[in-house]
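One structure is given here, and the rest of the page talks about it.
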Amino acid sequence: MKNQVVERFSDFYEKWIWRLEEIFQHLLEVSKQINTPLKTEQELQALVSRVTTHLKEYYTVKWASAHDDVLVFFSPTWLSPLENAYLWMTGWKPSMVFKVLESTRNNVLEMTEEQQRKTKELRVRIRMEEEKVEREMERQQVAMADRKMVELVKLCSRARNGGEVDVEVAMKGVLGGLERVMKASDCVRLKALKGVLDLLSPMQSVHFLAANIAMQLRLRQWGKKRDVSSPNDIN
């Protein structure tokens, strides 16, 4: 029997990615207008807001789905093995935005000294947030491997003396902990993204978002190509 959470979210994700590709093409067109921008600051800001709204929709649906089954988000079947290899706590690592920003800055963005200073400060804060999430994940992993948990599972298999109830309560605690880790990591992702956008002008934000989304879409394309070619590799 197929997992209904996986089915629902996979369907949502395919449609979400399709819309993200459309948004990316629009960003790409606007980002080419470096010397002769055809859009006003207000129009550029509206475009940036449209992108961030779309990104936030992903997390809204993800959190609602994870409440029903958080485990599927730690090994998502709607992503290719290549995409899964780059996951950090069910998503992209927040500090990646600074690598994207650096690469964009080298190509098209000219950041002021003040912007560079604030970027360094933000990078430090985000790294501290990442470490906090990693420590919490380690704590959850220890809890799952705890001897008491093993004993509870044994009680469940024996199905006696109400052991099943104890295991159910314990597992709810573990799954709840994983859900908190997932949400905490997503919050750091959103915080990193918002932090960078707050430092940039509307046009700079367009360039940054185009580069950030391009990285995600390329990784997905490469992953799909690898999946298609893998059967031939075996032969």
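Throughout, read-outs are computed from the coordinates displayed, never taken from laboratory work. Keep in mind it's a predicted model, so treat the numbers as computed, not measured. All Cβ positions, glycine included, derive from the backbone under ideal geometry; neighbour counts span all protein chains shown.
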K15 and K32 label points (each 7 Å along its Cα→Cβ direction) are spaced in nm at 3.1
Treating only Lys and Arg (+1) and Asp and Glu (-1) as charged, each at its beta carbon, one finds that the range 77-126 has a dipole about its Cα centre, in Debye to the nearest 20, of 180
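Fewest first, what order do F74, F208 take by the number of other Cβ atoms within 10 Å? Each step should come with its number before you reach the end.
Numbers: F74 15, F208 26.
With the sparsest Cβ surroundings first, the list reads F74, F208.
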Residues whose built amide H sits under 5 Å from the amide H of W88, excluding neighbours closer than 5 in sequence, are K93
Cα-Cα longer than 25 Å, checked against K15/K56; K39/K99; K39/K194; K56/K172; K62/K118; K132/K172, kept in input order, equals K39/K99; K56/K172; K62/K118
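If the chain between R180 and R218 were fully stretched, how many nm would it gain, using 0.36 nm times the residue separation less the Cα-Cα distance?
Taking R180 through R218 to full extension adds about 10.7 nm, to one decimal.
Fully extended, how many nm does the chain gain between E113 and K132 (0.36 nm per residue separation, minus their Cα-Cα distance)? Intermediate values should be presented prior to the final figure.
Working: separation 19, 0.36 × 19 = 6.84 nm, distance 2.92 nm.
Here the segment from E113 to K132 would lengthen by 3.9 nm.
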The extension gain from D68 to Q25, computed as 0.36 nm times the residue separation minus the Cα-Cα distance, is 12.1 nm
